[in-house]
1. In square nanometres, what is the average projected area of the Cα convex hull of the stretch B:169-260?
2. Which helices of chain B meet both criteria: a Cα extent of 20 Å or more along the helical axis and a mean Kyte-Doolittle score no lower than 0.5, with helices taken as whole DSSP H segments?
3. With a cut-off of 8 Å between alpha carbons and a minimum separation of six or more residues, what is the relative contact order of the stretch B:35-80 in percent?
4. Please give the average number of partner chain Cβ atoms lying within 10 Å of the Cβ of each residue in A:29-42, rounded to a whole number.
5. Taking K and R as +1 and D and E as -1, what net charge do the other residues with C-beta under 12 Å from the C-beta of B:ALA146 add up to?
6. Along the principal axes of its C-alpha atoms, what lengths does the stretch B:80-340 span, in descending order and rounded to whole Å?
7. If each residue's Cβ is checked for other Cβ atoms within 10 Å, how do B:ASP126, B:ASP85 rank with the fewest at the top?
8. Need one value for B:166-175: mean number of C-beta atoms belonging to other chains within 10 Å of its residues' C-beta atoms.
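Read-outs: derived from the displayed coordinates by stated rules, not from any lab. Keep in mind the model is a prediction, meaning the values are calculated, not measured. Positions of Cβ are backbone-derived with ideal geometry, glycine not excepted, and every protein chain shown enters the neighbour counts.
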Amino acid sequence: MSLMSATFFILAAITLVGACAAMMLRGLVHCALAVAIAFAGLGTLYLNLGAQFLGLAQLLVYVGAIAVLIVFVILLTRGGDSDSPPLSRAALPITGLLVAACIFAVLAWAVFHSFAVHSAVPLAAPATVRELGTVLMADYVLPLEVIGLMLTAALIGAAIIAMREKQATQ
Amino acid sequence: MLDQVFVLLKHWLLGYSPVVLQPAVSILLTILPILLVFPVLFALTTVLERKGLGRIQNRYGPNRVGFFGILQPMADAVKSLTKEDIVPASADHTVHFLAPLILLAVAFLPYAVLPIGRNMIAADLDAGVLFFFAIGAISELSVFMAGWSSRNKYSLLGAMRAVAQMISYEVPLLLSSVAVIMAAGSLSTVVIVEKQSGFSGIFPHWYVLTPWGFAGFILFMIAATAETNRSPFDLPEGESEIIAGYYIEYSGFKFALFFLGEYLGMFAISGLGITLFLGGWTAPLPFLTWVPSWIWFFAKLLGLIIGFIWVRGTLPRLRMDQLMNFAWKFMLPMALVVVVSAGAWRFLGQGVTRWLVSLVFIAVAYVLLARGVETRNRIAKRTYRFAE
């Protein structure tokens with residue numbers, strides 16, 4: 001248990017450092033790489049908690065796809081070399097603190113009212129990928145199909161937008 | 001006995017360590033062989049590749065160091081260690097330094113889930129195949145880091161090409177593995193190998209010997225070639241166009257690290273191909289089961305490496321539009337058909353029907369898609385706009 005919490009603190013520190021660096025660094029590409037570190041830290045935290053599928057999916061989707069997407073967006077839009085400060089500094093602290101306090105309050109409320117805190121029974125063993133798949137395909141098949149449909153629509157939409165732009169330039 | 005010699009050796013060594021340290025020593029004894037064996041295989045492969053390419057191109061290849069040039073990797077290692085480590089003045093020093101390290105770390109991690117022999121796997125994860133791909137996704141980012149931080153137009157171009165290519169070919173790679181995962185009903189590499197052990201007559205139950213498995217294996221290996229940036233998919237490092245792509249500004253030992261990382265990636269993805277389609281460490285014929293399991297794994301690995309070298313010496317490099325067209329208009333639909341065909345295979349029960357249905361799916365899709373690709377690029381006499 002102590003080893004588990006030691007790894008937890010190391011991973012949590014990596015995640016927090018990554019997230020803070022993403023806010024504070026100047027170069028946009030550096031920020032994107034720091035975000036990738038934070039994503040990877042989150043993924044390993046899930047793995048540390050025994051949620052294998054969630055952790056690996058987090059690594060695959062966020063580090064592999066989202067971070068690369070962010071980097072591509074930066075490079076294709078404004079060069080990524082600008083040294084301008086990320087946001088105007090004057091208005092930041094108050095709004096930032098307010099938003100952070102609100103999010104913290106909601107999360108704290110959710111944690112203290114959750115089933116896990118109040119039940120004395122030990123939690124069930126972490127679900128295997130097989131169990132997750134069975135549940136997804138049996139109990140939650142409608143949401144799954146809806147998400148699939150939505151993603152397909154988004155994919156087709158993206159392709160159509162790209163096609164129109166090409167015709168206009170030619 | 002010989003089959004389990006390394007497992008027994010590990011337990012024997014473990015017996016000599018104090019009980020408190022045993023978990024740590026056990027981990028060390030698992031990781032060290034991986035860290036030693038695969039770089040040695042890399043050294044051997046460089047000689048094999050240079051000799052093989054030399055043979056294909058009608059020249060000798062390295063033949064000065066050692067017997068038939070066998071010691072060439074030693075000379076290369078000494079050379080890269082003694083070379084000056086140059087970092088461009090305007091480069092981003094931190095990212096430039098981190099990129100090869102991350103690439104190498106990420107190249108070693110997938111070996112954790114590859115079953116090299118019976119009971120010889122570092123971490124038998126419940127979601128082993130997913131782990132492999134999740135780690136592979138990180139290497140894209142390290143390639144980008146290398147290309148971007150060098151602050152060189154060629155290296156950035158190379159990195160963009162590499163990332164675009166890796167993302168495009170990751171889709172057919174994943175989909176062709178999904179077919180195997182559906183057939184085996186598990187994401188664990190150990191279970192997938194176990195499902196392929198056993199024989200009908202003299203034929204093993206490898207997935208490559210089914211219609212969908214054969215198509216899936218071909219797709220997987222093509223996508224693996226693209227994923228590891230090897231010829232004919234070596235646009236990211238095309239020497240004649242962008243000199244060396246994303247590692248143009250690396251010299252000395254860092255360059256060697258990139259080289260090592262690339263080859264380790266190739267071995268790892270070949271190892272996954274063996275695990276998924278070629279039955280992992282199982283023997284190809286029933287009367288050969290007495291040969292130790294790890295010998296079969298490495299024999300298959302060497303076979304695939306030789307295939308990679310052969311392809312590199314034979315095929316010319318693709319153009320960017322050909323690369324993308326091939327990925328999205330042929331590989332992706334074909335991989336989807338393979339998935340459907342594997343589903344039909346699973347639910348049609350034992351018998352001739354599933355062979356026929358699966359075969360018809362693959363054959364029809366292949367003919368239609370290949371025809372579509374062919375008619376799109378009309379072959380005609382080349383017309384020159386500027387020179388004639």
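1. With the hull built on Cα positions only, its mean projection is 8.3 nm².
2. B:22-56, B:93-108, B:128-149, B:153-184, B:211-227, B:252-277, B:293-314, B:332-347, B:352-376
3. Relative contact order, the stretch B:35-80: 28 percent.
4. Mean number of neighbouring Cβ atoms from other chains: 2.
5. Details: positive: B:ARG151, B:LYS254; negative: B:ASP92, B:GLU140, B:GLU237, B:GLU249, B:GLU262.
Its environment carries a net charge of -3.
6. Computed over the Cα atoms, the extents are 64, 40, 33 Å.
7. Working: B:ASP126 18, B:ASP85 13.
With the sparsest Cβ surroundings first, the list reads B:ASP85, B:ASP126.
8. Shielding by partners across B:166-175 averages 1.
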